[in-house]
2 protein chains.
Amino acid sequence: MTAAGIERKQSSADLYGRRIMELSDYLAQWSETPSGLTCTYLSQAHRAVANALASLMKKAGLETHIDAVGNVIGRYKSKNALAKTVILASHYDTVTNAGKYDGRLGIVSALAVVEQAARAGREFPFHIDVMAFSEEEGVRFGTSYLGSSAIAGRFDPEFLGRRDAKGVSMSEALRESGFDPDAIAGLAYAKSDIAYYLELHIEQGPVLFESDLPVGIVTAIAGNTRFAVTIEGEAGHAGTVPMPYRHDAAVAAAEIILCVEQRCSRTGLVGTVGRLNVPGGATNVVPGRCELSLDIRSGTDSLRHAAVADILADMKGIAQRRGVKIELDELLNAVAVPCSAKLQDAFAASIERTGLPVYRLQSGAGHDAVMFDKLTEIGMLFVRCGNGGVSHSPLETITAADADFAARILSDTLGHLTV
Amino acid sequence: MTAAGIERKQSSADLYGRRIMELSDYLAQWSETPSGLTCTYLSQAHRAVANALASLMKKAGLETHIDAVGNVIGRYKSKNALAKTVILASHYDTVTNAGKYDGRLGIVSALAVVEQAARAGREFPFHIDVMAFSEEEGVRFGTSYLGSSAIAGRFDPEFLGRRDAKGVSMSEALRESGFDPDAIAGLAYAKSDIAYYLELHIEQGPVLFESDLPVGIVTAIAGNTRFAVTIEGEAGHAGTVPMPYRHDAAVAAAEIILCVEQRCSRTGLVGTVGRLNVPGGATNVVPGRCELSLDIRSGTDSLRHAAVADILADMKGIAQRRGVKIELDELLNAVAVPCSAKLQDAFAASIERTGLPVYRLQSGAGHDAVMFDKLTEIGMLFVRCGNGGVSHSPLETITAADADFAARILSDTLGHLTV
């Protein structure tokens, strides 16, 4: 494919765009909820989507199977039987009341590209495995990255004993759907067989929307520190305890919240207090206790660690100054996963050939790609999220033109990849 | 009684102190809960305490009755049948899991003083009505100042239709206890019959404790403004929405909380955010909504109004700057009730005669006294609250020496009052 072949077509979106939108709408017909889109692990809707994807892959000429954890995998084979494999993947499960593109965009884009490649008889020096991972959101069993962990050899057998809200274990749910839980451990790909892992994903944020760009190259998937924070102050009567005598847990929380915002407003960081509550709080009672969560992310671990250290030091100061006790429970300390410089450059070269500016950004959300860290080089391309970046919502949207552009970049990048 | 007769006796507490502690312990035996003290309106414990109080008053020689709303009233009669009446009062109901002194201290102190007066054959140019109000805390029916409102002619007949947590209406509860709800309206005292209203009450705060003083003279019962505040921001993914794009409702709340603290740290004010919650908050979601309460009090209405105006202006600025919507629902706007300068001075003269310093403070909590505003002159004396000022708790405490001192001041003040 020449440079001219991947020129940006804002209005036409004719090569891949219409197909991607059509496939996204098609898959969205199966939902656990009558209104909105909900497709959680091993639900009836989930099995229907897997079967639909398998049919589509077969129709496109891919060597297709559904594996023991529910992943749908279709191979576009290289003539060289001993070739390595490039994985193009994302997940087909959704959160509750989701949009149509989170996860699935990466699958249907890959499918559209491979359908077209098959029609054109394109050849690659590698197999291409289009993978639709069965579970990434962790809604039903609290097990994120389930499908990709199995392929990456990181499946945790402990997951099989977890139970959903109705008390059904994952093992039971797998067997009910005709899967063999014992076979999951054998799904892992050998490191030596994988050439690259590429994932195209909707951004889930406003950065590309605000930058007026259809795609961005992911530099890293952010590391994430999470704490549960409990502040113990001293309850008192809101009328009778003068301000200087108070040890108000909510005021201490307020200082922490502003400290997090200020410290995480530096480049490359985000910080959030998402849970916040004075348990049993009453209008006329000075809060004796306040509970909150702390979530700090960065694509650069050193930035994250420095921010966490500063915020913890500030919390210590707040506790001392206000005479309150602050307890911290670290819930998560996940390292950042950098994207391959080679794959970032390959995406960049492809974008440059269209004449559009290259934009790099980090991913604050986790993605299946993180499972392939240390197993192969990973590359991620973000697609502009409409409505100002609304995610995990029926209002999540993309344009056909953006979908088309992203798929063209993916196709062009594949054409230039060496193994 | 001479000045020498009311000398402070830190250790002996022999005239009134022991009797007050003994009566407080005696009344605390009746509780709705096996551990702790709970005595809410018209419960079995509540009726038992009323009967016990009536017996004590009769034994002291008072002309005693229990009125239609459950108040226990004992009159120490003046020889002058046409004399006006000085009311010495407080409430005998409690909050859930209460201390022994909140409310009851004012009743048993008055009783102890009048018992002693009767023994000594003291005469006064006024009748003294010792009143034990049946309900002030509003726990069962949400009707604060119930007993005192009936005496003050401010009883709201709407109260009778209110239902408790079990669905029993106040009317039904009254009839079950043998009371006639229709008779409550007739309990009001004529303004012309009342000379003064005096209430002795535990401070419920740390001011006297920190000042190392047994009693303080109340200058005013604070006015109180209350708002329910709702902040509507924009929910977002804690990883994918960069800090500059956020409209975080919890961060706006944090700014409001600190603004309230700062503005209400000026003399004569208290301000509290007692309720604080991000509904459905999650660690990985930027808060789209935050709910909080605002409670601002001052003994001086102009101070309170100025503080409320400043805080509301700051909230407007916060809303504009952060792109969030702040909704305010005013729940209360109660004016301050000043205590009579004449009665403050009478208390002060009595305290001065002991050689102890006179300390004046405002009451941040409401008291039965407010019901008598505009009906007569009101005077309130606060007694030091132990344990650093703990209130509405089984840890609430006073010393016998402080109780004795306060009762001596009450007795001496009565001896100097002119009508």
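Data overview
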item	result
Which numbered condition A:Gly70 misses (of (1) among the small types (Gly, Ala, Ser); (2) surrounded by 24 or more Cβ atoms within 10 Å (Cβ to Cβ); (3) farther than 23 Å from A:Ile378 by Cα)	(3)
Tally, over the range A:245-266, of residues that are within 22 Å of A:Ser298 (Cα to Cα) and of a type in the set (A, V, I, L, M, F, W, C)	6
Residue that is modelled with the lowest pLDDT, among those in the range A:22-49 that are within 26 Å of A:Leu410 (Cβ to Cβ) and surrounded by 21 or more Cβ atoms within 10 Å (Cβ to Cβ)	A:Leu37
Test: A:Thr143 is open to solvent by less than 10 Å² (accessible area, probe 1.4 Å) and part of a loop (DSSP other than H, G, I, E, B)	yes
Verdict on B:Thr283 being assigned to a strand (DSSP E or B) and either over 27 Å from A:Ala98 (Cβ atoms) or polar (S, T, N, Q) (or both)	no
Among residues of the range B:208-223, those that are touching a Cys at 6+ places or on another chain (Cβ under 9 Å) and open to solvent by 10 Å² or more (accessible area, probe 1.4 Å), counted	2
Qualifying residues in the range B:132-151 (those that are of a type in the set (A, V, I, L, M) and closer than 12 Å to B:Leu174 by Cβ) - the one nearest to the chain's Cα centre (by Cα)	B:Leu146
Matching residues, the range B:184-193, being open to solvent by 10 Å² or more (accessible area, probe 1.4 Å) and either within 14 Å of chain A (Cβ to nearest Cβ) or not aromatic (Phe, Trp, Tyr) (or both)	B:Ala185, B:Gly186, B:Leu187, B:Ala188, B:Ala190, B:Lys191, B:Ser192, B:Asp193
Qualifying residue in the range B:303-318 (condition: part of a loop (DSSP other than H, G, I, E, B), in contact (Cβ under 8 Å) with a residue 24 or more places away in the chain and open to solvent by less than 60 Å² (accessible area, probe 1.4 Å))	no
Cross-chain or 6+ apart pairs with Cβ under 6 Å, the range B:319-333 first and part of a strand (DSSP E or B), then of a type in the set (Lys, Arg) and open to solvent by 40 Å² or more (accessible area, probe 1.4 Å)	B:Leu331/B:Arg226; B:Leu332/B:Arg226
Options B:Ala83, B:Ala68, B:Ala52, B:Ala45: the member that is assigned to a helix (DSSP H, G or I), farther than 21 Å from B:Ser109 by Cβ and touching a residue at least 12 places away in the same chain (Cβ under 8 Å)	B:Ala45
Hey, B:Ala369 closer than 29 Å to B:Glu137 by Cα and in contact with a Cys (Cβ under 8 Å, 6 or more places away or on another chain) or not	yes
Selection count where residues are facing another protein chain (nearest Cβ under 7 Å) and at pLDDT below 95, scope the range A:271-285	5
A:Leu361 at pLDDT 95 or above and either assigned by TED's automatic domain parsing to the domain that holds A:Leu88 or open to solvent by 30 Å² or more (accessible area, probe 1.4 Å) (or both)	yes
Residues being in a strand (DSSP E or B) and open to solvent by less than 10 Å² (accessible area, probe 1.4 Å) - total across the range A:287-296	6
Pick from the range A:364-376, criterion closer than 11 Å to A:Cys339 by Cβ and aliphatic (A, V, I, L, M), ranking: least open to solvent (accessible area, probe 1.4 Å)	A:Ala369
Which numbered condition A:Asp368 misses (of (1) touching an Asp or Glu at 6+ places or on another chain (Cβ under 7 Å); (2) within 10 Å of chain B (Cβ to nearest Cβ); (3) over 24 Å from B:Ala249 (Cα atoms); (4) not polar (S, T, N, Q))	(2)
Checklist (1) closer than 18 Å to A:Asp368 by Cβ; (2) out of contact with any Cys (no Cβ under 9 Å at 6 or more places or on another chain) applied to A:Gly161, failing item	(1)
Qualifying residue in the range B:160-169 (condition: in contact (Cβ under 8 Å) with a residue 60 or more places away in the chain and either part of a helix (DSSP H, G or I) or not hydroxyl-bearing (Ser, Thr, Tyr) (or both))	no
Strands (runs of 3 or more DSSP E) within the range B:194-270 that include 3 or more residues of a type in the set (S, T, N, Q) and either in contact (Cβ under 8 Å) with a residue 12 or more places away in the chain or within 7 Å of another protein chain (Cβ to nearest Cβ) (or both)	B:223-232
Residue, nearest to A:Pro214 (Cα to Cα), within the range A:377-407, restricted to residues that are surrounded by fewer than 24 Cβ atoms within 10 Å (Cβ to Cβ) and among the hydroxyl-bearing types (Ser, Thr, Tyr)	A:Thr399
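The values are calculated or read from the model by the stated rules, or taken from the named source; none is laboratory data. Values in this document were obtained by computation on a predicted structure and should not be read as measured data. Cβ atoms come from the backbone with ideal geometry, glycine included; neighbour counts cover every protein chain shown. These area figures cover heavy atoms from the full protein model, side chains too; ligands, DNA and RNA do not enter into them. Shrake-Rupley method; radii C 1.70, N 1.55, O 1.52, S 1.80 Å.
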